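Take a look at the structure set out below.
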Amino acid sequence: MNTPAPRAPSLEQIRAQFPALLRSTAFLDNAGGSHLPRCVIDAMTRYIAENYVQLGGDYPESLAATENVAGAHDMVKLLLNAHAVGEVVLAQSTTALCHLLASCYAQAPRPDRNEIVVCTAGHEANIGAWVKLAERGWVVREWRAELDPDQNQATWRILPHTLRDLLSERTRLVTFPHVSNILGEIVDAAEVAAMAHSVGAKVVCDGVAYVPHRAPDVQRLGVDWYVYSTYKVYGPHAAALFGTREAFAELEGPNHYFIPRDRVPYKFELGGVNHESCAAINGLWDYLCFLAGEASLPARSPSTLTRDRAIIERAFGAMEKLELVMQSMLIDWLCSRRDLKIIGPAHSGPSRVPTISFVVPGRSSRELATRANRDGLAIRYGHFYSKRLIDSTGLEPDDGVVRVSLVHYSSPAEVTRLIAWLERALA
Ligand SMILES: Cc1ncc(COP(=O)(O)O)c(C=O)c1O
């Protein structure tokens, strides 16, 4: 007898996993941070209640605590398809991890390679940390977004070919976002990595705005460093940094002198990581199994899991399918209006994520977003810490753009509600 193919859950079943979605607010601000499914919340609280001890002891609770932390690193590696090529460091935020990495590079200068190319269209987390190295004599080159006239509406884009002239044999690193948290378009990270590698440089890719929507494959992308925030991927307030073994080998982590240099990730995790966050990261596995249609998998302890990358790919495939429907609903409506302008690609499809920004010329983004907030629509305005990008568009940075950010658990009904509200507000 053939086993039936796993069936992805319905949107209704998915939304029922998220206690926060019981509220009447339409959460359309998910690029700021996503909600947590019940199994992630339960994994975290169960850990705190039952297992809140230090690592490294030989009694059962401590063995379980050690396993919990190791399991979270393992989970992130699987999510990034990193097992064969590198390690993962956990910390409190992407901003902290970028600063950690930059300070490690500052301690490991190479006079023959002292240039860094920084994509200024990204979030400041992966810019400011690198720009600071100029104070230590590094040369920082700016890779800017371009206004691309080829599209039906001129659009700000991060174009890999515009990087070429900034690269040389002196380039040590290229830092860039996989997706800008304003523009929403997916940057061809594999192309950027190949270009950087052709001159012997490495790349630091900020995946924060990408991972809530797709499971990156660091091996296929060929990136040296990849960083993202777990609190935007249905998990805890924490972040993860992947590096290839070769990339880690060039650097020495800041943890205590008696911890060997090659003890990665611990050498890079100052004093250890947040254990309850690790429990939540482990809990995400159950949610991804559910999304992949494997709802009947029993809950097991982290290290005894035979976690399978195929389940992760199926789960994120299900997310993408749900997102594409809502993305095109909103973009089609925005494109139908002559009185507003999308900041980013004005078309839907798999080349972008549903983080959608727009402005209404002559109207304040702030005024629109705050009015929507009062009416139960959680959208946002501003520069979203991609201030250099907003500066280059000529928009007033504090007012910035209106940003609507959807994820797979958002609903077409919420998008319809937003559109109806905007129609009234702009009438
Ligand atoms: C694209 C992008 N990169 C980096 C960050 C910074 O992440 P964290 O808050 O973990 O420092 C954010 C936060 O919004 C972001 O959207």
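The values are calculated or read from the model by the stated rules, or taken from the named source; none is laboratory data. Nothing here was measured: the structure is a model prediction, and the numbers come from that model. Don't worry about glycine lacking a Cβ; one is built from the backbone with ideal geometry, like all the others, and counts go over all protein chains shown. SASA here: full protein model, heavy atoms, side chains in, ligands and nucleic acids out. Shrake-Rupley method; radii C 1.70, N 1.55, O 1.52, S 1.80 Å.
The set of residues in segment 25-51 being part of a loop (DSSP other than H, G, I, E, B) and modelled with pLDDT under 95 is empty.
Within segment 61-90, being in contact (Cβ under 8 Å) with a residue 60 or more places away in the chain and polar (S, T, N, Q) holds for 68, 81.
For segment 224-252, filtering for residues that are within 15 Å of the ligand (Cβ to nearest atom) and touching a Ser or Thr at 6+ places or on another chain (Cβ under 9 Å) leaves 16.
Just so you know, in segment 1-20 the residues that are exposed (fewer than 12 other Cβ atoms within 10 Å of the Cβ) and part of a loop (DSSP other than H, G, I, E, B) include one that is modelled with the highest pLDDT, and it is 10.
Any idea how many residues of segment 92-107 are touching a helix residue (DSSP H, G or I) at 6+ places or on another chain (Cβ under 6 Å) and open to solvent by 30 Å² or more (accessible area, probe 1.4 Å)? Explain how you work it out, then say what you get.
As a first pass, look at segment 92-107 and keep what is touching a helix residue (DSSP H, G or I) at 6+ places or on another chain (Cβ under 6 Å): 94-95, 98-99, 102, 106.
After this cut, where a residue has to be open to solvent by 30 Å² or more (accessible area, probe 1.4 Å) as well, the list is 95, 99.
So the answer is 2.
What tally of residues in segment 128-140 results from selecting those that are open to solvent by 90 Å² or more (accessible area, probe 1.4 Å) and away from the ligand (no atom under 16 Å from the Cβ)? Number of matching residues: 2.
Only a single item in (1) touching a strand residue (DSSP E or B) at 6+ places or on another chain (Cβ under 7 Å); (2) modelled with pLDDT of 95 or more; (3) under 23 Å from residue 408 (Cβ atoms) is not met by residue 318, and it is number (1).
Please go through segment 21-41 and pick out each residue that is hydrophobic (A, V, I, L, M, F, W, C) and either within 16 Å of the ligand (Cβ to nearest atom) or open to solvent by 40 Å² or more (accessible area, probe 1.4 Å) (or both). Please lay out each step first, then the result.
Step one: of segment 21-41, the residues hydrophobic (A, V, I, L, M, F, W, C) are 21-22, 26-28, 31, 36, 39-41.
Hits for segment 21-41 are 22, 27, 28, 31, 36, 41.
The condition of being in the same structural domain as residue 238 (by TED's automatic domain parsing), more than 16 Å from the ligand (Cβ to nearest atom) and over 20 Å from the mean Cα position of the chain (by Cα) holds for only one of 82, 106, that being 106. Please go through segment 405-421 and pick out each residue that is buried (at least 18 other Cβ atoms within 10 Å of the Cβ) and either without any contact (Cβ under 8 Å) to a residue 12 or more places away in the chain or of a type in the set (Phe, Trp, Tyr) (or both). Listed by number, the residues that qualify are 409, 421. Of the residues examined, residue 158 is one that is open to solvent by 10 Å² or more (accessible area, probe 1.4 Å) and either away from the ligand (no atom under 16 Å from the Cβ) or of a type in the set (A, V, I, L, M, F, W, C) (or both). Counting only residues that are out of contact with any Lys or Arg (no Cβ under 8 Å at 6 or more places or on another chain), β-branched (Val, Ile, Thr), within 13 Å of the ligand (Cβ to nearest atom) and part of a loop (DSSP other than H, G, I, E, B), segment 179-209 holds 1 of them.
Is it the case that segment 74-84 has a residue that's open to solvent by 70 Å² or more (accessible area, probe 1.4 Å) and closer than 20 Å to residue 321 by Cβ? No, because not a single residue in segment 74-84 is open to solvent by 70 Å² or more (accessible area, probe 1.4 Å) and closer than 20 Å to residue 321 by Cβ.
Of the residues making up segment 210-220, those that are more than 16 Å from the ligand (Cβ to nearest atom) and surrounded by fewer than 22 Cβ atoms within 10 Å (Cβ to Cβ) number 4. Among the residues of segment 1-15, the ones that are in contact with a helix residue (DSSP H, G or I) (Cβ under 9 Å, 6 or more places away or on another chain) and farther than 15 Å from residue 412 by Cα come to 3 in all.
For segment 345-358, residues that are at pLDDT 95 or above and part of a loop (DSSP other than H, G, I, E, B) total 5. Considering only segment 44-51, I want to know if a residue exists there that is in contact (Cβ under 8 Å) with a residue 40 or more places away in the chain and within 24 Å of residue 215 (Cβ to Cβ). Yes, segment 44-51 has at least one match. Can we say residue 168 is open to solvent by 10 Å² or more (accessible area, probe 1.4 Å), at pLDDT 95 or above and more than 29 Å from residue 286 (Cβ to Cβ)? Here the answer is yes, as residue 168 does meet what is asked.
Mind checking whether some residue in segment 113-127 is of a type in the set (Lys, Arg), more than 16 Å from the ligand (Cβ to nearest atom) and either in the same structural domain as residue 248 (by TED's automatic domain parsing) or surrounded by fewer than 14 Cβ atoms within 10 Å (Cβ to Cβ) (or both)? Yes, segment 113-127 contains at least one residue that is of a type in the set (Lys, Arg), more than 16 Å from the ligand (Cβ to nearest atom) and either in the same structural domain as residue 248 (by TED's automatic domain parsing) or surrounded by fewer than 14 Cβ atoms within 10 Å (Cβ to Cβ) (or both).
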